[in-house]
Amino acid sequence: MGYNALTYTYLVELFPYHARAKGIAVFQWWGRAAGFFNQFVNPIGIQNAGWKYYISYCIFLLFEVIFVWLLFPETSNRSLEELAFLFEGEKLREEQEKRIKEEVEDNGAPTPGNSSDKGSAVHVEHSQI
């Protein structure tokens, strides 16, 4: 695992649609700031402190690993709906459950025995080819 294009796929899963562009913009801003630091500040630190400067670098890397391990939720093996519930909280979950309950009560849930319902997801027409 490393700093590659996978970070963008994580961000797409992390941010809801309406905030995705802003979230990726903030991510890119911090990435550019880190690139600036790496390009212009690290050589000064190495020149003045020598090999001891790498200790501060290793400490910061350790901080990053701990930060990601503790604060970034796992998103593998989850649907986009589950991720929305994970990141947007209980209010969204309750609203979705209410909508589903209303839909089932109003229209009735499609069942395999109800084949006369043409709008049902389980109705399949057979044709000869």
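Just a few scattered comments:
- Members of segment 73-84 found to be in contact with a helix residue (DSSP H, G or I) (Cβ under 9 Å, 6 or more places away or on another chain) and either surrounded by fewer than 10 Cβ atoms within 10 Å (Cβ to Cβ) or in a helix (DSSP H, G or I) (or both), listed by number: Leu80, Glu81, Leu83, Ala84
- Test result for Phe87, in a helix (DSSP H, G or I), at pLDDT 90 or above and either loosely packed, with under 11 Cβ neighbours inside 10 Å or not β-branched (Val, Ile, Thr) (or both): no
The values are calculated or read from the model by the stated rules, or taken from the named source; none is laboratory data. Here the structure is a predicted model, which is why all the values come from computation and not from measurement. Because the Cβ atoms are built from the backbone with ideal geometry, glycine has one as well, and the counts that use them run over all protein chains shown.
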